Structures are given as structure tokens and as C-alpha cells.
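Beneath this line is the structure, given in C-alpha cells, with notes to follow.
Where a number appears in this text, it was derived from the coordinates with a stated rule and is not lab data. Predicted model only: the values in this text are computed from it and were never measured. All Cβ positions, glycine included, derive from the backbone under ideal geometry; neighbour counts span all protein chains shown.
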């Protein structure tokens, strides 16, 4: 006899609406999930990049904090959509881009998931290889397979992983922090406070890109919360978990990169574990690194699966997915991510830095459009059935969002600074990259103006009577 959907360990839902009788949990679950997902080695490396690229200790930490808070607030606003709509994050993009037009940002989202899967697998593979004594290549493959299995099980195991990782990884980082502070001269390190605006803005961009990259999938992990869950509670618990976990890890990364030099650059996992000790302690730290990476990699795999299904279903009219189909999609992501990890493992740091800044360019306009439409234009009210109907209220392709998205991309290029392209306004700004700021402001303003001029067909008042998610008192925005 088949178990009821609500009681099944293996998730049965994919891009379909989660009904009220299957909703469960509290907003606090978002804190433990995002704390555990950010207390991990890749976040440490991201913080270290601020120093490796030329920043000082004090202002790198300050810039990272500003980026984590600003980017985290945008990310948490997306999270608050989950309980309200009961849908994965990128499905809501159909209200702005159209049922088929949403494939435009979705293609880039899938690239992001594969990239993060690969980068995480490189570092986790090193830890698994050390634990099993099989080496990094075998470690990468083993880690990828475990990730795929966890993603197939789905939502419940993901939140369980988050709770366990938040405790285990917090203990590991407390221990590592104590060991690091005993090894370095804190006074000397804190005197490294020579402010340089370009380096401060780079640190902000690194942290903001880290947070904004969660935006396309954050509501996937809040959509099972009861509809009565406060939007404010979801926002603050999500922001608290992601900002605390990221800043903690990134600050550790700054201090390590500033005091370890090439020893950290050449072997990030080996150096961090060596900082903690040998024997049983080293084994625990390798386990903590692998666990932290497993948590975030399962999120990337699950989110990639959701995004691919959302893309395909927009053209096929598909609303549900079989367990076999679910496994096939996840296997494709695992194979693609593992291949990239194996090919790029020897040039990880350079590739990862460019990847982060690349992501920032393409996801800030999407975030701006989605949030302006949801909170200001539609007032948290969407016509849920129309999100799957290309002939319905939202249509197949929506020119307003697509044009705004293109303008948002173009607005960033004059301010963009990467290893393969530098915009003309970067030099006058002293080398500072502020493209992500333009990528938020320009499309937010433009979409707000254009969407309001379209008239009642695009507004919450028109969508309200047909929506199946009635407005809830106390919902935060």
C-alpha cells in the first residue's frame, strides 16, 4: 500500500502547488537550513578571495558584511514568497516573463546550479578522498552520487541535513576559530586597515553575489511551510541564518588568507584541516567539511532539477512529474556537474572568482523584476492556475519583463570588472565594480514604471479574484 504523500519520506511534489494539508514546519527551519548551508568551505574561500585579490583585513570584513546584509535581504524577500504561494521560486517568474518566457532566466539558473555543484564537489571531493584514502577523483565521484541520492529523497532530508550541519559545522568553526586565534597575532592583523574603495566594493560584490545566487531557489525550501506562516518571520529567520553563516565563514576565510599566504591558496581544505590538528580531530574536520558541502550541494542539485522541470513544463504544459522522471533529471545534473568538477579541479580559485561575478551580472536584474512585481505590482497575489497556461493571464512571452531584463543586463556592463571584460566606467571609479548596484536599481525602476502602465491586466486587482492563495493578515513584505 502506498504511503500518503504527506507522510512519505521521499518527496512526491515537484513544481506543483503544495496543498494546505501537506504543509508543515515553522519559519525557524529556514534559519537552521541557511546557517548550515553557509558554514562550509566554499564560503570560507569566497571570503578569502577578498584578501587574495588585494583587500586588507578590516575593510574586507566590513565589505563582506555589507554585501551579506544587502544581498541577504534580497534573498530573504524571495524566501517569504514560499509559504504564500506554495510553489518553487522560478515558477513565480512566469508571472513576469510569461509561461514560456521564464525560460530565459531559467537557462542561466541551470548553469549556476551546475557551476556551484562542480565547485562544491571539487572541495568536498578533497575531504572525502582524505577520509576514504581513495584520492580526490574518487572522492568527487562518491560525493556526487551521495548528493544525487539526497536530492531525490527531497525536501524533508534537505531540512534534516540543514539542522545537523548547523550544529556540526558550528562546532567545527568554533574550534577552528580558537585554533586560528592562538596561531596568529590578532593585533597585527587588525592593524591592516588601509581603506581602498575598489577593494571594499569588491568584497561587497563577492558577498552580495553569494547571497543573490540563492534567490532563484530559496523559496523552494520554504514552500512547504503553512500558509499562515508570517512573511516577516520567514524573512528574518532566513536573513538571520544566511547572513550569520556567511559572515562567520567569510570572516574566517579573510583571516586565514591574510595569515597563511600560498599555503591556503594551494590547498584550501588541507590547510584548514591542518589548522585544527591530526588524527581523530582531522577526521572530524574532514567530515564537517564534507557535511557542509553536502548540504549546499543537495540544494544546488534539487534547485537545478526544479529549474529544468520548470523550463520544460512551460512548453509541454506538464504540471506533475513521475519519480522516474525526477531521478532522470537529477542524474543529468549530477553527471554534468561532476564532469565540470573533474575538468576544472586544478584551476579552482581563478574559475570560481570569475564564476561568482558572472552570476551577479545575470541574476540581479531577475531579482529586481521578480520582487518589484510580487510585492509592489501584484501585491503578493498571483493567479496560480494561469502560471501553467501559456494562453492565460500571463501569456507565453511577456515583453515588458524581457525588455527590462535586457536593459538591466546592459546597464551593468559599463561598471563591470572581470578578468575577461572591464567596462569603460571602471577606471574613473578607481577600479571599483558597482555593476550589481546598477543591476538592481535600473530594472527595478524601469519594470515598476512599465508594468504599471500596462493597466489592470498586470496588476494584483485583476489577478486577485482567480488566485487560490487568499491574502493573509500579518504577511511581511
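In a Debye calculation with equal point scatterers on the alpha-carbon sites of the range 1-129 and no solvent, what is log10 I(q)/I(0) at q = 0.19, 0.22 Å⁻¹? Summing over Cα pairs of the range 1-129 leads to -1.36, -1.40. Length gained on full extension, residue 282 to residue 188: 31.0 nm, using 0.36 nm per residue less the C-alpha separation.
Angle of helix 155-183 to the longest C-alpha principal axis of the chain, folded into 0 to 90 degrees and rounded to 10: 30°.
Going by the alpha-carbon gyration tensor, a ≥ b ≥ c the square roots of its eigenvalues, is the range 245-337 rounded (a/c under 1.5) or, if a/c is not under 1.5, prolate (a/b greater than b/c) versus oblate? Because a/c hits 1.5 or more and a/b exceeds b/c, the range 245-337 counts as prolate. Note on the chain: helix-only mean residue ellipticity at 222 nm, from DSSP H runs of 4+ residues weighted -39500 (n - 2.57) and normalised by residue number, equals -22000 deg cm²/dmol. By the compact-protein rule of thumb, 2.2 N^0.38 Å, the alpha-carbon radius of gyration of the chain corresponds to a ratio of 0.94. With Cα atoms as the point set, the radius of gyration and Dmax of the range 41-90 evaluate to 15.1, 44 Å. Under the simplified labelling scheme, the residue 228-residue 420 pair shows an inter-label distance of 5.2 nm, with each label point 7 Å from Cα along Cα→Cβ. Shape class for the range 162-203: oblate, because the ratio a/c of the largest to smallest gyration tensor axis (alpha-carbon atoms, square roots of eigenvalues) is 1.5 or more and b/c is at least a/b.
Here is the size of the range 152-271 from its Cα atoms: Rg then Dmax, 17.8, 51 Å.
Could you tell me whether the range 366-414 comes out rounded, prolate or oblate from its Cα gyration tensor? Rule is a ≥ b ≥ c as square roots of the eigenvalues, rounded for a/c under 1.5, then prolate if a/b exceeds b/c, otherwise oblate. The shape class here is oblate. Against the main long axis of the alpha-carbon atoms of the chain, helix 197-212 sits at an angle near 50°.
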